[in-house]
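Written below as structure tokens is the structure these notes are about.
The values are calculated or read from the model by the stated rules, or taken from the named source; none is laboratory data. Just so you know, these numbers come straight off a predicted model, no measurement behind them. With ideal geometry, Cβ positions are generated from the backbone for all residues, glycine too; neighbour counts draw on all protein chains shown.
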Amino acid sequence: MSPAEPQYSPSHDAEHSLDQTTFESLPIPEPVLKGIRDADFKYCMPIQEKTLPISLAGKDVAGQAQTGTGKTAAFLITLFTRLLKNPKPKAHKKGWAAPRALVIAPTRELARQIDIDARLLGGHCNFRIVCIYGGMDYEKQRNQIKEGCDVLIVTPGRIIDYYKQKFFSLKGVEVLVVDEADRMFDMGFISDLRYLFRNCSPYNKRLSMLFSATLNFRVMELCYEHMNNPEKVMIEPEKTVVDEVTQRLYHVGLHEKFNLLLGLLKQEAGEKVLIFCNTKMWAERLEALLQHNDYNATQISGDLHQKKRIRVLEDFKIGKTDILIATDVASRGIHVDNISHVINYDVPQDPEDYVHRIGRTARAGAEGTAITLCCENYALHLERVEEYLKHKIPVEWAEEELFLSAKEGGPPPPRRRSRPPTKIGGRKPSPKRSDGKRPPSRGRRPSSHSRRRPQSRA
């Protein structure tokens, strides 16, 4: 089982032992400490060092931290400590299942990763942990909740569906955690989130923890509306992620972009490579192109069936797949060690997504490289990214030999979806004859030479 969120290695810890806080020095019960030892954690990472003294004292926390900074371990350690210190309540008189802790995540992948981390860190606490998200067996998950649990890890949509069936209650929630709150807004889950807040136990009767990549106005408004005077804990993204990653940028024309990618993959030869695209269409296209060019690559996008998503991520984790292609939405919850390179095939439209992307490498003090390919389609986004970073991404000019030719006979370019007939200039579509066929057109059809064919672009 993989560790929760990667920590510094013992050798790395030894260098910082004089100024870092140990988990053993904090008021954490022994069963939780055993789980921490199982995960091979010793010294607190910055977000943990700032958060744990506050949350373990029973105060609400609003934390700003990027993925890979150790925030999952921070809220799970607090959660298990809180549940162990409080006596387990008696079963509800109506026979309802009543979870004691609720953890809400925006994506299936992130919920699943939190579940894995919780089972590792809480392995000696004797708590029943249930993870609920869409795309899996509906009745099976429904029965898991009905049987009761201590810790419930969920995505918003499906859990609300189950809640409205009234076979469990959220009024006994002692700890409420919201992870990646900013993504909740981006993905349109904010009304669902507020619904869950309103139906949980009162804000002054529970411990609430919220984490976000940025504590902007809308996130803090949510905090002050549904939490009990939360204390802000902020870890700047530039300090946690960006400075630890070697960044490079290449300006390249769209027609040569894939050829440059082939050259970079050959030149860099990383252990695990994560490639980001802005669209699902290009994620699928890159998968087909790379496979045709003998690369062991798979893609993960938003509408991929959940069981296949799990299989794809697992293959990437264990090294069965060398290259994973992802969109920003699908990438949430990807916690994989030893990602040596992140390649932005497209410049992200949201500057914060750039930090999220490159944070998948150089985790826990390891070395990592982030390469960005800037073509004419997304060049306008580069300025916003660099303004957000407060520095220019170092530019390198690709020599001619870095552009490798793709193998012939590759997959055809994606076809545009045909649209249903519509009224044009007030005219209706031609009526069908009784035999089901349309009458012949009176006008001339364009010759085959005048028809435009989509250009093949790698």
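Miscellaneous remarks
- Of everything in region 122-170 that is under 24 Å from MET184 (Cα atoms) and among the aromatic types (Phe, Trp, Tyr), the residue that is surrounded by the fewest Cβ atoms within 10 Å (Cβ to Cβ) is TYR138.
- Within region 372-387, the set of residues being out of contact with any Cys (no Cβ under 6 Å at 6 or more places or on another chain) and either farther than 16 Å from GLU256 by Cα or assigned to a loop (DSSP other than H, G, I, E, B) (or both) comprises CYS375, GLU376, ASN377, TYR378, LEU380, HIS381, GLU383, ARG384, VAL385, GLU386, GLU387.
- Single unsatisfied condition, LEU26 versus (1) within 19 Å of ILE235 (Cα to Cα); (2) surrounded by fewer than 21 Cβ atoms within 10 Å (Cβ to Cβ); (3) among the hydrophobic types (A, V, I, L, M, F, W, C): (1)
- Taking residues in region 132-147 that are closer than 20 Å to ALA118 by Cα, and partners anywhere that are among the hydrophobic types (A, V, I, L, M, F, W, C) and assigned to a helix (DSSP H, G or I), the pairs with Cβ atoms closer than 7 Å and at least 6 places apart or on different chains are ILE132/ILE145; ILE132/ILE159; TYR133/ALA111.
- For region 160-178, the set of residues classified as farther than 15 Å from PHE80 by Cα and of a type outside the set (Phe, Trp, Tyr) consists of ILE160, ASP161, LYS164, GLN165, LYS166, SER169, LEU170, LYS171, GLY172, VAL178, listed by residue number.
- Unique residue being assigned by TED's automatic domain parsing to the domain that holds THR327, surrounded by 20 or more Cβ atoms within 10 Å (Cβ to Cβ) and charged (D, E, K, R) when the list is ARG248, ARG206, ARG285: ARG285
Here's the yes/no breakdown for (1) under 23 Å from GLU386 (Cα atoms); (2) surrounded by 20 or more Cβ atoms within 10 Å (Cβ to Cβ); (3) of a type in the set (Asp, Glu):
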site: GLU256; (1), (2), (3): no, no, yes
site: ASP294; (1), (2), (3): no, no, yes
site: HIS305; (1), (2), (3): no, no, no
site: LEU324; (1), (2), (3): no, yes, no
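- Region 266-296 - residue that is under 19 Å from ILE358 (Cα atoms) and of a type in the set (Gly, Ala, Ser) and, of those, modelled with the lowest pLDDT: GLY270
- Residue count for region 31-44 satisfying the condition of being closer than 16 Å to LEU120 by Cβ, of a type outside the set (Val, Ile, Thr) and in contact (Cβ under 8 Å) with a residue 24 or more places away in the chain: 8.
- Candidates in region 28-62 are the residues that are modelled with pLDDT under 95 and part of a loop (DSSP other than H, G, I, E, B); of these, the one that is nearest to ALA118 (Cα to Cα) is ALA39.
- Filter pass, ASP346 being modelled with pLDDT of 80 or more and more than 13 Å from ILE275 (Cβ to Cβ): no
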